[in-house]
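S.K.: Next up is a structure, given as structure tokens.
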Amino acid sequence: MSLLPDDKKELLKQEFQTKLVDPVKLVMFTQEVECSFCSDTRTLTQEMAELSDKITTEVYDFQKDADKAKELGIDKIPAIAVIGKKEYGVRIYGIPYGYELKTLVDAVTNVSRGKTDLTDKTKEILKDIKTPVHIQVFTTLTCPHCPAAAAIAHKLAIENDNIRADAVDGQEFPMLAQKYAVIGVPKIVLNEKVEFMGAFNEDLFAEHAVLAAYQT
């Protein structure tokens, strides 16, 4: 059963045709005894690959392919690593459906370009980050503001090799949401030390990333 309606497929085909530059690989992790949303996530990534010859998929078993999961820093499933001409550290945990489909589309587009539309001011702020920063953006499928927050996090990762950014569905990973006291979304946690909630503009987001880098 297709997860993407035909009219949505046509719109995405047109968008990818005009916006994609370099090939993008969607590396999806599942397991033999599938988790609640693993099967649908795999189907969705495969349907995305059918919309452009610049998108391909690879599917790995989280347990059987543990070395591959470790290589890419995958620690839970379902997971999608969005990889372009280089590995930018762009990750999506949970099925990117509902509003979160835009998170996947934006990630594919930005990784394909290998550069972002972040302002010069934001890029200048990011130059101060010289140690690892791990950004987790907690989302839900029904949150209209979450894709924008996730997109900024992913763009920060594309612009600075020391940053990796995860979009995490808090409803699919309730123990993680409980650990970080997620009572509203989007909630952003950086290096488990700095956190904020809501749709910050990009330069303030970057400044929080710098703060997390210095506090590590």
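The values are calculated or read from the model by the stated rules, or taken from the named source; none is laboratory data. The model shown is predicted, which means the values in this text are computed figures rather than measured ones. Counting neighbours? That spans all protein chains shown, and the Cβs are built from the backbone with ideal geometry, glycine included.
S.K.: Right, Glu207: surrounded by fewer than 18 Cβ atoms within 10 Å (Cβ to Cβ), assigned by TED's automatic domain parsing to the domain that holds Asp128 and at pLDDT 95 or above or not?
M.R.: It is true that Glu207 is surrounded by fewer than 18 Cβ atoms within 10 Å (Cβ to Cβ), assigned by TED's automatic domain parsing to the domain that holds Asp128 and at pLDDT 95 or above.
S.K.: Quick check on the range 19-63: of everything there that is acidic (Asp, Glu) and within 22 Å of Asp75 (Cα to Cα), which residue is surrounded by the fewest Cβ atoms within 10 Å (Cβ to Cβ)?
M.R.: Going through the qualifying residues, I end up with Glu32.
S.K.: Ok, one more. For the range 176-216, what are the residues that are free of Cβ contacts under 8 Å to residues at least 40 places away in the same chain, in a loop (DSSP other than H, G, I, E, B) and under 14 Å from Thr139 (Cα atoms)?
M.R.: Ala181, Ile183, Gly184
Here is a yes/no grid of residues against (1) of a type outside the set (Val, Ile, Thr); (2) modelled with pLDDT under 95; (3) closer than 18 Å to Ala167 by Cβ:
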{"position": "Ala66", "(1), (2), (3)": "yes, no, no"}
{"position": "Asp75", "(1), (2), (3)": "yes, no, yes"}
{"position": "Ala79", "(1), (2), (3)": "yes, no, yes"}
{"position": "Gly84", "(1), (2), (3)": "yes, no, yes"}
{"position": "Ile92", "(1), (2), (3)": "no, no, yes"}
{"position": "Tyr97", "(1), (2), (3)": "yes, no, yes"}
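S.K.: Now, a different point. Considering only residues that are among the small types (Gly, Ala, Ser) and under 19 Å from Leu12 (Cα atoms), which ones fall in the range 48-96?
M.R.: The answer is Ala49, Ser52, Gly84.
S.K.: Here is a follow-up. Sort out which residues of the range 136-167 are touching a Gly at 6+ places or on another chain (Cβ under 9 Å), of a type in the set (Val, Ile, Thr) and not in a loop (DSSP other than H, G, I, E, B), and write them in order of number.
M.R.: Correct list: Thr139, Ile158, Ile163.
S.K.: Can you work out which of the residues in the range 148-196 that are surrounded by fewer than 18 Cβ atoms within 10 Å (Cβ to Cβ) and on the phi > 0 side of the Ramachandran plot is nearest to the chain's Cα centre (by Cα)?
M.R.: Ranking the qualifying residues of the range 148-196, first place goes to Glu192.
S.K.: Is it the case that Val27 is in contact with a helix residue (DSSP H, G or I) (Cβ under 9 Å, 6 or more places away or on another chain), in the same structural domain as Glu100 (by TED's automatic domain parsing) and closer than 14 Å to Tyr93 by Cβ?
M.R.: When the stated conditions are applied, Val27 passes them.
S.K.: Could you tell me whether the range 121-130 includes any residue that is of a type in the set (Ser, Thr, Tyr), in contact (Cβ under 8 Å) with a residue 60 or more places away in the chain and assigned to a helix (DSSP H, G or I)?
M.R.: Looking for residues that are of a type in the set (Ser, Thr, Tyr), in contact (Cβ under 8 Å) with a residue 60 or more places away in the chain and assigned to a helix (DSSP H, G or I), one finds at least one in the range 121-130, hence yes.
S.K.: Quick one: how many residues across the range 152-202 are under 24 Å from Ile83 (Cα atoms) and polar (S, T, N, Q)?
M.R.: 3
S.K.: Let me ask something else about it. In the set Lys25, Lys13, Lys70, Lys9, which member is more than 27 Å from Pro174 (Cα to Cα), under 18 Å from the mean Cα position of the chain (by Cα) and basic (Lys, Arg)?
M.R.: Lys25
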